[in-house]
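S.K.: Please see the structure below; I have some questions.
The values are calculated or read from the model by the stated rules, or taken from the named source; none is laboratory data. For clarity, every value in this text was computed on a predicted model and none was experimentally measured. Cβ coordinates were reconstructed from backbone atoms using ideal geometry, including for glycine residues, and neighbour counts include every protein chain displayed. Protein only, heavy atoms only, side chains kept; ligands, DNA and RNA dropped before computing areas. Shrake-Rupley method; radii C 1.70, N 1.55, O 1.52, S 1.80 Å.
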Amino acid sequence: MSTIVACSTPFGSSGIAVVRLSGGGSHDIVSSLASCSKEKKHNSPKLYTLLDSDGSAFDGAVINFLFGPNTYTGEDLVEISLHGNPVIIQKTISLCCSLGAEIASGGEFTRRAYMNNKIDVSQAEAVASLISSKSLLGAKLSYKNLSGSLLKNILFIKDKIISVVGQLEFNLDISEEDLQPNLIKNSIKELDLVIKKISSAADSFKSVNILTGGASVVIAGPTNAGKSTLFNALLEKERALVSRVAGTTRDVIEKTINIGGVPFVLKDTAGIRKTRGSVEKMGIKKSNEEILSADLVLYLGKPGSVLSSKNKNVIYVLNKQDILGEKDGYDICISALKGTNISKLKKIILKRVSSGFSDSEFIITSERQLICLEKSLGFLSVAKKSLKKSPELELVVEDLNSSLNFLDKITNKTTKDDVLDSIFSSFCVGK
Ligand code: GDP
């Protein structure tokens with residue numbers, strides 16, 4: 001396999017940046033670049049001088065030579081910690097390329113780790129969600145799966161199903177009267193346990209998704225209700241343009257805030273009202289779309305009004321409490337301008353979104369994993385139903401095997417190229 005090179009730290013100026021190489025040629029390439037001796041010890045970082053093609057030194061760098069298979073990718077690997085100046089980083093990478101390396105594509109280091117059996121697909125997905133997580137809680141959950149928690153849970157569940165399949169297969173050619181006593185009852189009991197575990201893992205996806213990607217909170221309501229003022233009050237600084245002229249906020253503005261460790265992507269929408277202005281109309285259409293797709297809506301208007309019944313997670317807020325006073329029927333009365341009850345509103349926001357959070361050990365971090373779990377669950381439910389009715393054991397075994405196949409897809413090695421492409425496409429270059 002070719003030798004790849006990329007900068008693993010964000011582009012720009014920084015104290016230190018890390019350029020990483022992986023592949024059979026990586027040690028030789030870096031040895032020429034830094035005139036290192038042939039004798040190298042695994043994982044023993046040392047200070048070297050980086051040399052340009054004419055032999056002139058352009059930086060001092062700590063270089064760590066790592067020998068496969070005991071590396072992240074499973075191949076020989078080198079980490080060059082150099083000064084974080086884009087010019088130096090670029091020079092180092094282009095010298096590596098002139099010595100035979102190729103620029104890595106996004107996620108290629110992790111893809112190689114996967115190809116070389118260092119990690120399974122679910123762990124690769126956990127790396128992606130660990131890197132992109134918007135909260136510490138989300139990062140912790142992703143790290144659990146990176147450490148193999150999902151694999152462990154899948155294996156536990158598979159074992160249970162396999163033992164039911166084994167029992168049923170043992171009784172395949174036996175007439176119904178002569179079946180092992182309690183076979184059906186025990187099998188149903190085991191399947192119930194497995195179904196419960198998988199269902200709770202599938203349910204966990206929404207909360208994991210919120211903790212890693214953030215819950216979207218849309219602030220909606222009539223023009224001049226105080227949406228932008230509330231947006232700013234929640235951000236605790238001036239952000240959106242606030243003016244007395246109706247319809248100032250024409251587009252959706254968003255910003256991420258953190259409440260109680262949970263990230264919220266706060267969105268300020270244009271006022272929902274009938275208008276002839278085309279720019280305003282576009283804003284209104286967009287705000288309606290945002291409302292439909294939001295995890296939570298803060299509606300600054302009459303309780304029960306306007307919003308689609310599809311969206312149940314709505315907090316009805318009475319704003320301008322300082323001039324309007326308290327009114328019944330609202331979830332909370334606030335003054336965005338004076339800052340009254342903003343922290344109380346934040347508590348309600350947190351409670352609404354985190355009420356479904358599970359503290360289960362068995363969690364999933366990607367949509368793909370969710371689909372596999374749901375498919376597996378579908379076959380398990382059919383198998384359980386068949387067992388309850390008139391047990392045709394052969395069909396039940398077939399359904400259980402199909403459910404096992406979908407569980408395998410979550411972690412296994414034979415994942416199709418296009419699935420891998422979509423998993424690794426979300427990675428940044430250098431990971
Ligand atoms: P939007 O069109 O819903 O985004 O409304 P804005 O945030 O632009 O607010 C419209 C007007 O209402 C501005 O003049 C704000 O200063 C005022 N306003 C917003 N919140 C309050 C509040 O709590 N009390 C009072 N008295 N005025 C407010």
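S.K.: Return the total of residues in the range 92-113 being of a type in the set (Ser, Thr, Tyr), open to solvent by 10 Å² or more (accessible area, probe 1.4 Å) and more than 23 Å from the chain's Cα centre (by Cα).
M.R.: Quick first cut of the range 92-113, residues of a type in the set (Ser, Thr, Tyr) only: 92, 94, 98, 105, 110.
Narrowing further to those that are open to solvent by 10 Å² or more (accessible area, probe 1.4 Å): 94, 98, 105.
When the remaining residues are screened for being more than 23 Å from the chain's Cα centre (by Cα), the result is 94, 98.
So the answer is 2.
S.K.: With the requirement that a residue be assigned to a helix (DSSP H, G or I) and among the charged types (D, E, K, R), what does the range 132-181 give you?
M.R.: Within the range 132-181, LYS140, LYS144, LYS152, LYS158, ASP159, LYS160, GLU169, GLU176, GLU177, ASP178 meet the criteria.
S.K.: For the range 207-224: of the residues being open to solvent by 10 Å² or more (accessible area, probe 1.4 Å) and part of a loop (DSSP other than H, G, I, E, B), which is farthest from the ligand (Cβ to nearest atom)?
M.R.: Checking each candidate, the answer is GLY214.
Residue-wise test of (1) touching a residue at least 24 places away in the same chain (Cβ under 8 Å); (2) in a loop (DSSP other than H, G, I, E, B); (3) of a type in the set (Ser, Thr, Tyr).
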position: SER2; (1), (2), (3): yes, yes, yes
position: ILE16; (1), (2), (3): yes, no, no
position: ILE29; (1), (2), (3): yes, no, no
position: SER37; (1), (2), (3): no, yes, yes
position: HIS42; (1), (2), (3): yes, yes, no
position: ASP59; (1), (2), (3): yes, no, no
position: PHE65; (1), (2), (3): yes, no, no
position: THR71; (1), (2), (3): yes, yes, yes
position: ILE80; (1), (2), (3): yes, no, no
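S.K.: Among the residues of the range 177-198, is there at least one that is hydroxyl-bearing (Ser, Thr, Tyr), away from the ligand (no atom under 16 Å from the Cβ) and either within 20 Å of ILE349 (Cβ to Cβ) or surrounded by fewer than 19 Cβ atoms within 10 Å (Cβ to Cβ) (or both)?
M.R.: No, there is no match, as no residue in the range 177-198 is hydroxyl-bearing (Ser, Thr, Tyr), away from the ligand (no atom under 16 Å from the Cβ) and either within 20 Å of ILE349 (Cβ to Cβ) or surrounded by fewer than 19 Cβ atoms within 10 Å (Cβ to Cβ) (or both).
S.K.: Follow-up. Collect the residues in the range 258-311 that are modelled with pLDDT of 75 or more, more than 15 Å from the ligand (Cβ to nearest atom) and either open to solvent by 20 Å² or more (accessible area, probe 1.4 Å) or farther than 13 Å from ALA215 by Cα (or both), keeping them in residue-number order.
M.R.: Hits for the range 258-311 are ASN258, GLY260, GLY261, GLU289, LEU292, SER293, ASP295, PRO303, GLY304.
S.K.: Against the conditions (1) in contact with a Leu (Cβ under 9 Å, 6 or more places away or on another chain); (2) touching a residue at least 24 places away in the same chain (Cβ under 8 Å); (3) on the phi < 0 side of the Ramachandran plot, where does GLY23 fall short? Just the number, please.
M.R.: (3)
S.K.: Within the range 322-358, take every residue that is within 16 Å of the ligand (Cβ to nearest atom) and β-branched (Val, Ile, Thr) and give me the one that is farthest from ILE219 (Cα to Cα).
M.R.: Checking each candidate, the answer is ILE323.
S.K.: From the list LYS158, LYS227, which residue is of a type in the set (Lys, Arg) and open to solvent by 20 Å² or more (accessible area, probe 1.4 Å)? Step through it out loud before you land on a result.
M.R.: Numbers: LYS227 fails: open to solvent by 20 Å² or more (accessible area, probe 1.4 Å).
Only one candidate qualifies: LYS158.
S.K.: Among the numbered criteria (1) closer than 16 Å to GLN90 by Cα; (2) surrounded by 14 or more Cβ atoms within 10 Å (Cβ to Cβ), which single criterion is violated by ASP52?
M.R.: (2)
S.K.: Does ILE93 count as farther than 27 Å from LEU404 by Cβ and assigned to a helix (DSSP H, G or I)?
M.R.: Here the answer is yes, as ILE93 does meet what is asked.
S.K.: Here is a further query. Condition check: in contact with a Gly (Cβ under 7 Å, 6 or more places away or on another chain) and either more than 30 Å from GLY214 (Cβ to Cβ) or not in a helix (DSSP H, G or I) (or both). Does LYS118 satisfy that?
M.R.: Considered against the rule, which asks whether it is in contact with a Gly (Cβ under 7 Å, 6 or more places away or on another chain) and either more than 30 Å from GLY214 (Cβ to Cβ) or not in a helix (DSSP H, G or I) (or both), LYS118 comes out as yes.
S.K.: Shifting gears a bit: Return yes or no: is GLU75 part of a loop (DSSP other than H, G, I, E, B) and either among the polar types (S, T, N, Q) or under 30 Å from ILE410 (Cα atoms) (or both)?
M.R.: yes
S.K.: Take the residues of the range 364-413 that are basic (Lys, Arg) and assigned to a loop (DSSP other than H, G, I, E, B): which is surrounded by the most Cβ atoms within 10 Å (Cβ to Cβ)?
M.R.: Across the range 364-413, the extreme among qualifying residues is LYS413.
S.K.: Is the range 229-241 home to any residue that is farther than 27 Å from GLY138 by Cα and at pLDDT 55 or above? Explain how you work it out, then say what you get.
M.R.: Restricting attention to the range 229-241, the residues satisfying the condition of being farther than 27 Å from GLY138 by Cα are 229, 238, 240-241.
Subsequent filtering for residues that are at pLDDT 55 or above retains 229.
Looking through the range 229-241, at least one residue is farther than 27 Å from GLY138 by Cα and at pLDDT 55 or above.
S.K.: Just one of the numbered conditions (1) more than 24 Å from GLY106 (Cα to Cα); (2) modelled with pLDDT of 95 or more; (3) among the small types (Gly, Ala, Ser); (4) open to solvent by 50 Å² or more (accessible area, probe 1.4 Å) is not true of SER37; which one?
M.R.: (2)
S.K.: For the range 317-338, give me the residue count where each residue is surrounded by 12 or more Cβ atoms within 10 Å (Cβ to Cβ), closer than 15 Å to ALA225 by Cα and not polar (S, T, N, Q).
M.R.: So the answer is 11.
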